[in-house]
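A short write-up of the structure that comes next.
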Amino acid sequence: MPTIALGKHEWNFDESQRLGPPGGFGEVFRGSGPSGDVAVKRLKLTAGAAAHREMKIGESLVDREYRHVVPVYDYGQDANGDGYYLVMPICERSLQDHLRDNGPLPWSEAKPIILDIIAGLKEVENIVHRDLKPGNVLYRDGRWQIADFGIAKFVEDSTSLETLRHSLTPPYAAPEQWLGERPSGGTDVYALGCIIHTLLTGAPPFGGDINDVREAHLQKPPPQVLGIDPRLGGLVNHMLRKAQAVRPSLDRVQALILATNDALPAAGPRASLAAAGQAVARAAATDEAELVAAQTAAKEWKAIGDDGARDFAGILNRLKAIIVADAPNASTGIRELALGPAKLRWDVPTRLERRVPTRPGLPTEGIWEVAAFSKLEVACSITKVSYHDPSVYTFSTTLAFARTPQDTDFRWREVAFYHQFSGAGMNEAPVAIPPSSESFHTAFQPVIGGLAVAHGPFTIDAEDEDTFIDRWTGLFAKAAHGNLRPPNQLPLGPQFFA
């Protein structure tokens, strides 16, 4: 059996005697030490990954007996190894086991369990649990007690947000945890609301795969618990509000639970009033869920645009660096490079709101989701052959950070257009069109319009960046030699870039 040396004692544990299924943060084994049989929890976190960070599992918990909190006998990094451990007493069963064996509980059985959990949260109210769930509520000494205080905080401090998300238990994780925001006591109130829902119905409020659960926690109102006192249903709805600040306090939750002697709906005028209160609470929860969903979508859209802008800056910086390295006499201006008769110009990316078709009956198969866009162009002074020839020819393209209907991810794409019925003909092609224009999207649809695609679309980032840079250094070189001319045919063929 492995032996670990923690801050206070050495402990043995048997890896063949697991106590319960593995959890998000670790797994528990039967062990022994100076005080006899114990439960040893091994965290799914190495000292290397945590940069040998000191494990502080709430020093107020160590060697102290609480009525509703599982005590901690020892904790920390193994002096002889690379793991972190927590040593606790062996408990009789978890609330998860109890629900598995008994299914939904009547209020007479659920109520004392809920009050025990509240008492445990209040005993150490200076610590936010962050991972409250039935698997962390254990039966010991004739009452339900909360285990694993402080573990989520330690993992949060020691690892990336993505690691923490994978460690949390999705059915009980509050919206702020999915968004990477700072948790508070309201986070535990939300998880407790999920537990109450589970006790009364046999399942947490939101189910499905992890993406479905995340979307529901962030954007959907909780399902109504049928057949219970409307006051209790309203309380659960309030506990499951999306915003931390508007959830009820633990004191209020405790008072309302104590006052609810029977979970069944009452009769008479008071029942009608309670039902009206529950309906109002549910409507408010729906409105809040819609508001939070809109705010979450806006935040995620902004993050997409921010990522695109950073990528764009990197691509343009590398293009400029290559041009300056190959042609040191090229002059640099504000968003411009010049060499002889050639000028290379670009715009700072413009952010866009999410676009939806604006005209009834407009096909949607050509709609790009564009988070940001820019324009890149190379201009060349040329000798006029005829009266109608321009003195300067400009080749311009739209650069769009977009997700097309054929793709699943956002990437930078290059595309340019030409006006099919313009008298200017080849002299003004190809040309950049902003994605904020409806004609940009119409050009990709199976309809007849005045705009058609002249060049692209091509992905220009990641594995395609070198091709993009070669294309534009080649265009800039042709312009610098004075050889860049309007095309002879559209859409452009490969010979144009030769």
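Taking the conditions exactly as written (in contact with a helix residue (DSSP H, G or I) (Cβ under 9 Å, 6 or more places away or on another chain), modelled with pLDDT of 90 or more and among the aliphatic types (A, V, I, L, M)), does Val38 satisfy them or not? So Val38 fails the test.
Of the residues making up the range 455-472, those that are of a type in the set (D, E, K, R) and either open to solvent by less than 30 Å² (accessible area, probe 1.4 Å) or within 19 Å of Pro341 (Cβ to Cβ) (or both) are Asp461, Glu465. If you go through the range 74-92 and pick out every residue that is crowded, with 16+ Cβ neighbours inside 10 Å and farther than 15 Å from Asp141 by Cβ, you end up with 10. Any residue at all in the range 273-295 that's at pLDDT below 80, over 31 Å from the mean Cα position of the chain (by Cα) and open to solvent by 70 Å² or more (accessible area, probe 1.4 Å)? Yes; the residues of the range 273-295 include at least one that is at pLDDT below 80, over 31 Å from the mean Cα position of the chain (by Cα) and open to solvent by 70 Å² or more (accessible area, probe 1.4 Å). Here the condition is being closer than 23 Å to Gln254 by Cβ and assigned to a loop (DSSP other than H, G, I, E, B); of Ile118, Ile196, Ile127, it holds for Ile127 alone. Taking Ser381 as the residue in question, decide whether it is surrounded by 13 or more Cβ atoms within 10 Å (Cβ to Cβ), modelled with pLDDT of 95 or more, among the hydroxyl-bearing types (Ser, Thr, Tyr) and more than 27 Å from the chain's Cα centre (by Cα). Here the answer is no, as Ser381 does not meet what is asked. Filtering the range 42-76 to residues that are at pLDDT below 85, within 17 Å of Asn126 (Cβ to Cβ) and not in a loop (DSSP other than H, G, I, E, B) leaves Glu59, Ser60, Leu61, Val62.
Looking only at residues of the range 1-17 that are more than 16 Å from Asn80 (Cβ to Cβ) and in contact with a Lys or Arg (Cβ under 8 Å, 6 or more places away or on another chain), we find that the one that is surrounded by the fewest Cβ atoms within 10 Å (Cβ to Cβ) is Gln17.
Do we have any residue at all in the range 177-193 that's at positive phi and not in a helix (DSSP H, G or I)? Lay out the reasoning, then the answer.
Filtering the range 177-193 for residues at positive phi gives 180.
Checking which are not in a helix (DSSP H, G or I) leaves us with 180.
So far as the range 177-193 goes, yes, one or more of its residues are at positive phi and not in a helix (DSSP H, G or I).
What residue, among those in the range 256-272 that are assigned to a helix (DSSP H, G or I) and modelled with pLDDT of 65 or more, is farthest from the chain's Cα centre (by Cα)? Once the filter is applied, the top-ranked residue is Ser272.
Please enumerate the residues belonging to the range 473-496 that are under 28 Å from Phe421 (Cα atoms) and either in contact with a helix residue (DSSP H, G or I) (Cβ under 6 Å, 6 or more places away or on another chain) or open to solvent by less than 20 Å² (accessible area, probe 1.4 Å) (or both). Leu475, Ala479, Leu484, Pro486, Pro487, Gly493, listed by residue number.
Here Pro230 meets the list (1) open to solvent by 40 Å² or more (accessible area, probe 1.4 Å); (2) at pLDDT below 90; (3) under 25 Å from Pro112 (Cβ atoms) almost entirely, failing just condition (1). Look through His441, His419 and report the one residue that is open to solvent by 40 Å² or more (accessible area, probe 1.4 Å), touching a residue at least 24 places away in the same chain (Cβ under 8 Å) and not β-branched (Val, Ile, Thr). Unique residue meeting the criteria: His419. Residues in the range 199-219 that are within 16 Å of the chain's Cα centre (by Cα) and surrounded by 15 or more Cβ atoms within 10 Å (Cβ to Cβ): Val213, Arg214, Glu215, Ala216, His217, Leu218, Gln219. Just one of (1) open to solvent by 50 Å² or more (accessible area, probe 1.4 Å); (2) assigned to a helix (DSSP H, G or I); (3) modelled with pLDDT of 75 or more; (4) in contact with a helix residue (DSSP H, G or I) (Cβ under 7 Å, 6 or more places away or on another chain) fails for Leu235. It is (1). Every condition in (1) under 37 Å from the mean Cα position of the chain (by Cα); (2) in contact (Cβ under 8 Å) with a residue 40 or more places away in the chain; (3) under 30 Å from Ala321 (Cβ atoms) holds for Arg403 except the one numbered (2).
Does Gly314 meet the test of being in a helix (DSSP H, G or I) and touching a strand residue (DSSP E or B) at 6+ places or on another chain (Cβ under 7 Å)? Outline the logic, then answer.
Values: in a helix (DSSP H, G or I): yes; touching a strand residue (DSSP E or B) at 6+ places or on another chain (Cβ under 7 Å): no.
For Gly314, the condition - in a helix (DSSP H, G or I) and touching a strand residue (DSSP E or B) at 6+ places or on another chain (Cβ under 7 Å) - is not met.
In the range 455-482, of all residues being among the polar types (S, T, N, Q) and free of Cβ contacts under 8 Å to residues at least 60 places away in the same chain, the one that is nearest to Ala327 (Cα to Cα) corresponds to Thr467.
The numbered conditions (1) at pLDDT 95 or above; (2) not in a strand (DSSP E or B); (3) not aliphatic (A, V, I, L, M) are all true for Tyr139 except (2).
Tell me which residues, restricted to the range 244-255, are surrounded by fewer than 17 Cβ atoms within 10 Å (Cβ to Cβ), in a helix (DSSP H, G or I) and modelled with pLDDT of 90 or more. Spell out how you get there, then give the answer.
Of the residues in the range 244-255, the ones surrounded by fewer than 17 Cβ atoms within 10 Å (Cβ to Cβ) are 245-246, 249, 251-252, 255.
Subsequent filtering for residues that are in a helix (DSSP H, G or I) retains 245-246, 251-252, 255.
Asp251, Arg252, Ala255 - these are the residues of the range 244-255 that are surrounded by fewer than 17 Cβ atoms within 10 Å (Cβ to Cβ), in a helix (DSSP H, G or I) and modelled with pLDDT of 90 or more.
The values are calculated or read from the model by the stated rules, or taken from the named source; none is laboratory data. Keep in mind that what you see is a predicted model, and the values were worked out from it rather than measured. We place every Cβ from the backbone using ideal geometry, glycine too, and count neighbours over all the protein chains shown. Heavy atoms of the whole protein, side chains included, go into the accessibility calculation; ligands, DNA and RNA do not. Shrake-Rupley method; radii C 1.70, N 1.55, O 1.52, S 1.80 Å.
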